[in-house]
Amino acid sequence: MKNINHPILPGSVIGVLGSGQLGRMFAIAARRMGYRVHTFSPDSDTPTGQVADEEIEASYDDLDAVRRFASAVSVVTFEFENVPAETARAAAECAPVRPGGSVLHTIQNRLREKNFLSSHGFPITPFRRIETSEQLQSAMLELGLPAILKTAGFGYDGKGQARITSPDQGETALKAAGNQEMILEAFVDFACELSVVAARGIDGSFTHWGVIENSHRNHILDISIAPAGVPSEIAREAVELARAVLEQLDVVGVLCVEFFLTRSGKLLINELAPQTP
């Protein structure tokens, strides 16, 4: 495999797993800096592919194609968390993957992500694992209503989740989701949503782009304000929490830590998201 410790300098080829709008913005920025960009996804004529140097159309499950793709680039990243972890592992056989496949494995499943954060003492919304109607009924009693029922995997931009205000509504949402693992989260009446986009190097060095305030419309990010209009102590705490998350996950690359700020001034980590560097 290629040397994982040397700098990736302009002129090198960066491989992106995924080909949506985030990959497009990344590719435009990377090419302005003198890098070449190859993108890999099951689709053609994609937002990323339209501006990349090369677009590879193949299934994420085609691991031989993934290895060929990774062999032709200097480093691999991904633009969203629903790239299969097996795909990242196959790519890592041929090129460094940033952030690594273990990070992707943790953050692409809400239950694994919540368990990781909880086990390391990070402040999070109370939650319960749900697989059966009985577990759901018990969780609704423990956490109270309203609450948020979410699929454990493959959710973003509000997909795979429902606001539950009654036990009957919870049962209906559980049945509609089919036979899959879910979580129930306590409802948070937050003052605002914040995020910190941060990067960590191989040597443990850390940097960030300040605290950002986010406003959503129909569960999709609509407006981001930077810097966020929050007290300096809240901003410092958010950055330090982000640093601790990246250290505990041993991230090499870029990660976004998203928060709820409660009306009482407490930060709760909502979710983690990989970011194309």
(request) Select from region 100-158 the residues that are outside any loop (DSSP other than H, G, I, E, B), under 20 Å from Val83 (Cβ atoms) and among the charged types (D, E, K, R) and list them in ascending order. (result) Arg110, Arg112, Glu113, Lys150
(request) For region 31-40, name all the residues that are surrounded by 24 or more Cβ atoms within 10 Å (Cβ to Cβ) and not β-branched (Val, Ile, Thr). (result) Phe40
(request) Filter region 26-80 for residues that are more than 15 Å from Glu93 (Cα to Cα) and in contact (Cβ under 8 Å) with a residue 60 or more places away in the chain and give the result. (result) Phe26, Phe78, Glu79, Phe80
(request) Scan region 237-251 and give yes if some residue there is exposed (fewer than 14 other Cβ atoms within 10 Å of the Cβ), farther than 30 Å from Val75 by Cα and outside the structural domain of Leu143 (by TED's automatic domain parsing), otherwise no. (result) no
(request) Among what's in region 81-111 and is touching a residue at least 40 places away in the same chain (Cβ under 8 Å) and of a type in the set (D, E, K, R), pick the residue that is farthest from Ala27 (Cα to Cα). (result) Arg110
(request) Provide a single number: the residues in region 14-29 that are surrounded by fewer than 19 Cβ atoms within 10 Å (Cβ to Cβ) and farther than 15 Å from Ala273 by Cβ. (result) 2
(request) Kindly establish whether Arg112 is among the charged types (D, E, K, R), touching a Ser or Thr at 6+ places or on another chain (Cβ under 9 Å) and under 30 Å from Arg68 (Cβ atoms). (result) yes
(message) Residues that are over 25 Å from Ser102 (Cα atoms) and among the charged types (D, E, K, R), at least 2 per element: which strands (runs of 3 or more DSSP E) completely within region 20-86 meet that?
(response) 54-57
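The values are calculated or read from the model by the stated rules, or taken from the named source; none is laboratory data. It should be emphasised that the depicted structure is a prediction, and the values quoted were computed from it without experimental measurement. Neighbour counts are summed over all protein chains in view; Cβ atoms, including those assigned to glycine, are modelled from backbone coordinates with ideal geometry.
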